[in-house]
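Worksheet: one structure, shown below.
The values are calculated or read from the model by the stated rules, or taken from the named source; none is laboratory data. Only a predicted model underlies this, so the values are computations on that prediction, with no experimental measurement involved. Positions of Cβ are generated from backbone atoms using ideal geometry, with glycine treated the same way; all protein chains shown enter the neighbour counts. For accessibility, only protein heavy atoms count, side chains too; no ligands or nucleic acids. Shrake-Rupley method; radii C 1.70, N 1.55, O 1.52, S 1.80 Å.
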Amino acid sequence: VEQFAKAPADTSAERLFNFIKSIEEGSNRISTWSLSIIGGSLLALLSNEYLHPSAAKLKMIYLLFVLGWLLIGISFYNGKNITSRTIAAELHKNDKALLATIFTACNTYYSRQLRFFNFALLVFGIWLLLFLLWWVFGDSIINLI
C-alpha cells in the first residue's frame, strides 16, 4: 500500500492530530471534485443541448459512465472512512497511540481514495476521447471500430 506521509516515531499527539486533519482536508477536496464530475457526467447524459451519437454502437461509450461512477463511489466510501476516523481523532486528541493508529488508517484510506478517483478520471478521460473522435469523424467512425 502506498503511503503518502509517515509520522515520525517521536511525533507528539498534537502533531499526529494535525496530520489527520490535513488528510481530511485533502479527502474533502477530492470528494468535492468527485461531486463536480458526477454532476457534469449526468448533465452530459441527460442534456439535449449538445449532439449525441445516433448509432447504437457509438452510444455504448456512455456505458463508461457506469464504471466511472462506480470508481467514484469507491473513492467516496474511502473518504467517508477518513471522516469517521477524523471524528474519532477529535475525541481522543491526547491519546498518542490511538492517534498513530488512526493516522495509519486515514493514510491508507486516503491512498485508496486518490487511487480510485484517478481511475475514475481515466475512465471519464477515455469517454471524452471517444466522444471527441465521434465529434470529429461523425458516425463514419463505426467503420474504424
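General remarks:
- Residue match in the stretch 74-95 (condition: of a type in the set (A, V, I, L, M), more than 24 Å from F17 (Cα to Cα) and touching a Phe, Trp or Tyr at 6+ places or on another chain (Cβ under 6 Å)): yes
- P53 passes every criterion in (1) within 23 Å of K21 (Cβ to Cβ); (2) touching a helix residue (DSSP H, G or I) at 6+ places or on another chain (Cβ under 8 Å) apart from (1).
- Flag for I30 being within 16 Å of F124 (Cβ to Cβ), among the aliphatic types (A, V, I, L, M), open to solvent by less than 60 Å² (accessible area, probe 1.4 Å) and part of a helix (DSSP H, G or I): yes
- Where helices (runs of 4 or more DSSP H) fall entirely within the stretch 38-138, those with at least 2 residues that are open to solvent by 80 Å² or more (accessible area, probe 1.4 Å), at pLDDT 90 or above and basic (K, R) are at 96-137.
- Only residues that are within 9 Å of the chain's Cα centre (by Cα) and not hydrophobic (A, V, I, L, M, F, W, C) were counted in the stretch 65-77, giving 2.
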